[in-house]
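Accompanying notes for the structure given below.
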Amino acid sequence: MTVTGPVRPDQLGVVLPHEHVFIDLVREYRGSGLLNDEDLACQELRALRSAGGRTLVDLTLDEIGRDPAALRRVSRATGISIVMGCGHYRDPYLDRDWFDRTPVDAIADELVTEITEGVGGTGIRAGIIGEIGADRRYISAAEERSFRAAARAHVRTGVTISTHAARWPVGTAQLQLLAEEGVDPRRVIVGHTDSVPIPGYHLALVRQGCYVSFDSIGTGSPHDTRRAVDHVLALVRAGFGGQILLSQDVCLRDHLRAHGGCGYGFLLTDFLPRLTAAGLDREQVRSFVTDNPRAALAGTD
C-alpha cells in the first residue's frame, strides 16, 4: 500500500526501505533536524528517480512530523511511490502519560484503522508499521506497550514491522517481544543494524529469520560506508544475502544534496558499485534493492 493507493509487488522496482521525506527531529538536532520544504523534497526525489529509484518507504511517525497529505503530493509530483509508516516512534518522543493511560489493544485498534481505512480522515493508508523503536539498550515500559500494539496490529493486518534499533544490540529483545505476541520474525525488519559494530549480532538476528537493515549508507562517515560493505559481505558469505536491506535514513537537512549531503540516490550511484567492486555478483547486488525489499514488504519469497 502506497500513499496513492495499492501497487503490485512486481511494480515496486528499486526500493529504499528506510527513509524520511518530512521529519521533525529538532529536539535532538537543532540546526539540521527539520525537513519541511515540499519543493526541495520534490527536487531531491526527482534526483532519486533519475538514479533509478522507484519506491521509498517513509518511516516518519506522528511524534516526529508525519504528513500524509504532503507525502501524497510529493509522490504524485515526482513519480516515486511512497509507502507510509504508522505506529509510535521511541523515547524521548513518546507521550508517556498517554501510553500509561491507553490500553495496548486500543493503540492497536488505531494502527489497524490507519492501515485499513487511512490516517485522520485523509483516506491515505499506511503500508508498514514503523519505525517503532527503543532509544537505549533496553525497551522501556512505554516502548514495550508500543511494540505490543504494533505486534497485535500486524497479526490482524499482515503488515510488516520495521524497527529502530540503533547503537546497541536491542534488536534481539525486540524480536523476542514481538514473537511473544505471535509475530513471525520473517515479517520484521530490524533497523540501523549497521550502527551496531558487532558482526555476531548481525548473524544472530538473521538466523532468527528477520531482515536486517543497513541504513546509514552515505549519511554516516566514510568509515561507516566502508564498514557497511564489510557487513554485507559477511552476511552474504554466511548464506544470508536474501535478508539484507539497504537504505540511507535521510533525516537531516545536511543529508540532502542541496545542502551538500548524499541525497536519496547515493546508495544506487555509489554504494552498489562498491559491492560489485568487492566481488559480489551484479544480480545479487541488485536484489538487495529489489527482490529483498519487495519480499520484506509483501511477505513473499
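The values are calculated or read from the model by the stated rules, or taken from the named source; none is laboratory data. None of these values were measured; they are calculated from a predicted model. Using ideal geometry, Cβ is built from the backbone for each residue, glycine included, and neighbour counts are taken over all protein chains shown. Side chains are part of the model used for accessible areas, which takes the heavy atoms of the whole protein and leaves out ligands, DNA and RNA. Shrake-Rupley method; radii C 1.70, N 1.55, O 1.52, S 1.80 Å.
Going by what's in this entry, would Arg148 be described as of a type outside the set (Asp, Glu) and in a loop (DSSP other than H, G, I, E, B)?
Numbers: of a type outside the set (Asp, Glu): yes; in a loop (DSSP other than H, G, I, E, B): no.
Against the criterion (of a type outside the set (Asp, Glu) and in a loop (DSSP other than H, G, I, E, B)), Arg148 does not qualify.
Would you check if Gly200 is assigned to a loop (DSSP other than H, G, I, E, B) and open to solvent by 30 Å² or more (accessible area, probe 1.4 Å)? If you could, list the steps in order and put the result at the bottom.
Numbers: assigned to a loop (DSSP other than H, G, I, E, B): no; open to solvent by 30 Å² or more (accessible area, probe 1.4 Å): yes.
It is false that Gly200 is assigned to a loop (DSSP other than H, G, I, E, B) and open to solvent by 30 Å² or more (accessible area, probe 1.4 Å).
Name the pairs: first residue in the stretch 62-78 and touching a residue at least 40 places away in the same chain (Cβ under 8 Å) and under 12 Å from Cys42 (Cβ atoms), second residue among the β-branched types (Val, Ile, Thr) and outside any loop (DSSP other than H, G, I, E, B), Cβ to Cβ under 6 Å, at least 6 apart or on different chains?
Here the result reads Leu71/Ile82; Ser75/Ile82, each pair linking the stretch 62-78 to a residue that is among the β-branched types (Val, Ile, Thr) and outside any loop (DSSP other than H, G, I, E, B).
Which one is nearest to Glu19 (Cα to Cα) among residues in the stretch 205-221 that are of a type outside the set (D, E, K, R) and open to solvent by 40 Å² or more (accessible area, probe 1.4 Å)?
Within the stretch 205-221, the subset of a type outside the set (D, E, K, R) is 205-206, 208-214, 216-221.
Next cut, open to solvent by 40 Å² or more (accessible area, probe 1.4 Å) only: 208, 221.
Working: Gln208: 25, Ser221: 18 Å.
Of everything passing the filter in the stretch 205-221, Ser221 is nearest to Glu19 (Cα to Cα).
As an exercise: evaluate Val74 against (1) in contact with a strand residue (DSSP E or B) (Cβ under 9 Å, 6 or more places away or on another chain); (2) open to solvent by 20 Å² or more (accessible area, probe 1.4 Å) and give the number of the one condition it does not meet.
Failing condition for Val74: (2).
For the stretch 184-212: of the residues being of a type in the set (A, V, I, L, M, F, W, C) and under 15 Å from the mean Cα position of the chain (by Cα), which is nearest to Arg137 (Cα to Cα)?
Among those residues, the one meeting the criterion is Val190.
Would you check if Val159 is at pLDDT 95 or above, among the hydrophobic types (A, V, I, L, M, F, W, C), assigned to a loop (DSSP other than H, G, I, E, B) and buried (at least 18 other Cβ atoms within 10 Å of the Cβ)?
Details: at pLDDT 95 or above: yes; among the hydrophobic types (A, V, I, L, M, F, W, C): yes; assigned to a loop (DSSP other than H, G, I, E, B): yes; buried (at least 18 other Cβ atoms within 10 Å of the Cβ): yes.
So Val159 fits the description; yes.
Looking at this structure, is Arg27 surrounded by fewer than 23 Cβ atoms within 10 Å (Cβ to Cβ) and either touching a residue at least 60 places away in the same chain (Cβ under 8 Å) or not in a helix (DSSP H, G or I) (or both)?
Working: surrounded by fewer than 23 Cβ atoms within 10 Å (Cβ to Cβ): yes; either touching a residue at least 60 places away in the same chain (Cβ under 8 Å) or not in a helix (DSSP H, G or I) (or both): yes.
Spelling it out, Arg27 is indeed surrounded by fewer than 23 Cβ atoms within 10 Å (Cβ to Cβ) and either touching a residue at least 60 places away in the same chain (Cβ under 8 Å) or not in a helix (DSSP H, G or I) (or both).
Of everything in the stretch 222-254 that's small (Gly, Ala, Ser) and within 20 Å of the chain's Cα centre (by Cα), which residue is surrounded by the most Cβ atoms within 10 Å (Cβ to Cβ)?
Step by step, filter the stretch 222-254, then rank; the result is Ser247.
Identify, from the list Thr116, Thr102, the residue that is over 18 Å from Thr160 (Cβ atoms) and either touching a Cys at 6+ places or on another chain (Cβ under 7 Å) or surrounded by 14 or more Cβ atoms within 10 Å (Cβ to Cβ) (or both). Can you show your working first?
Details: Thr116 fails: over 18 Å from Thr160 (Cβ atoms).
Residue meeting the stated conditions: Thr102.
Pairs under 6 Å by beta carbon, first residue in contact (Cβ under 8 Å) with a residue 60 or more places away in the chain in the stretch 149-176, partner of a type in the set (Lys, Arg) and open to solvent by less than 20 Å² (accessible area, probe 1.4 Å), six or more apart or different chains?
Within 6 Å, the pairs are His164/Arg90.
Just to be sure I understand, how many residues within the stretch 38-66 are under 16 Å from the mean Cα position of the chain (by Cα) and open to solvent by 10 Å² or more (accessible area, probe 1.4 Å)? Reasoning before the result, please.
Pass one, the stretch 38-66, residues under 16 Å from the mean Cα position of the chain (by Cα): 53-66.
Among the residues that remain, those that are also open to solvent by 10 Å² or more (accessible area, probe 1.4 Å) are: 54, 62-63, 65-66.
The total comes to 5.
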